[in-house]
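These notes are about the structure you will find just below.
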Amino acid sequence: MAAASGAIAQRLPLVDLVAEIRDARIPLSSENELLRDFPALSKRIVVMNKIDLADQTQVKGWMRYFEQQNCIPYGVNSHNKDSVKGLLNFIQAQVRGLCKANHHASETITIMLVGRISAAEKGRLKHATVSPQPGETKDISSFKIGSHPNIYLLDTPGILPRMIHDAELCSKLVLTGAIRDGLIEQKELARYFLTILNLSDQYKKWAKFSTNEDRLLSFIEHKVEDSISSKLEMRQKKQHMMDHTEDLIVNDVRGTIFDTISCFDGNIELEEDMIKLMEAELVALREAFRVPQGLGEYVYNRVVSVKLLDLYRTGRLEHYTLDTLPLTLHHPL
């Protein structure tokens, strides 16, 4: 990690442009600390990745914030090929503008890609094998993304913060997958997410999923097994049932959370009441997630927490921006 940081620091003053990858859900918390030592970088693109998972009502405010910081913001969903292609086209356009401004239309331009991005996401930028975990890609490599002028992108290792002393910062990084699970116990991480959800108005969108009717999943599965003779048809039907069942579970989770919050008569602004609400939600979600009975309390909590976090991370429990815009942004210049 130290060697990688040193290699990046040596090359930073030599590149023409820096493209810093940040997580749109945590635009400040995902900042690369190394870049703080180079405030004089002439050109920096802040690529807000996972823009599809962020609160869309806040995206414009964050774009404006980065513009005020003399950065060039761009939002991307790196799991979407067209979105990635749009990013590369945007970078090339910025480079050509840079060349035109400097009157060097034929020079070679070097861009450094800095920030945390998964192997699958990098794979959409280039055809190469990189480590999926931050800090495990040891070398700085380059690949060409454009001609006239020649544009080379330096791919750098993901660099983790040296030390994380702030508990909330650590929670944000783990919750969004910027650093590995394990630093925070699953139930505590689930409670952190529930705190964010409970204090938002997002759950109100789930009123239509509120129901007291029992699902007939077991009955449906029994009828399917009795009515299908072909093994191929059975497999196809089971896959359809799995997809349909997953949708039912997600909607049941939404409805359960809505019902639990709506029926709660405490004041969630008080820590004690918030804890009571979260515990009630975790218990109610056991049924929504179809967790088998007879498990120990620890296993119950772990299973529910893991499933809840998965739904959050895949955007199926609405979209959230965890960082708060600096006060100066509430009154733009």
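Every number here is computed from the coordinates shown, using simple stated rules; none is lab data. These numbers come from a predicted model, not from an experiment. Neighbour counts run over all protein chains shown; Cβ positions are idealised from the backbone, glycine included.
Spacing of the modelled spin labels on Val306 and Glu287, each 7 Å from Cα toward Cβ, amounts to 2.4 nm. Coupling constants for segment 61-74 follow from the phi torsions by the Karplus curve (6.51 cos²θ - 1.76 cosθ + 1.60, θ = phi - 60°), and in residue order they are x, 5, 4, 5, 4, 5, 5, 5, 8, 6, 10, 10, x, 8 Hz; glycine and proline get x. Segment Asp201..Gln10, full-extension length gain: 64.1 nm, with 0.36 nm per residue of separation and the alpha-carbon distance subtracted.
Charged neighbours of Leu98, selected by a Cβ distance under 15 Å, balance to +2 (K, R count +1; D, E count -1).
Distances between placed amide hydrogens fall under 5 Å for Ala19 paired with Ile45, Met112, Leu113, Val114, all partners being 5 or more residues away or on another chain. Remark: spin-label model distance Arg36-Tyr298 equals 3.8 nm, labels positioned 7 Å along the Cα→Cβ axis.
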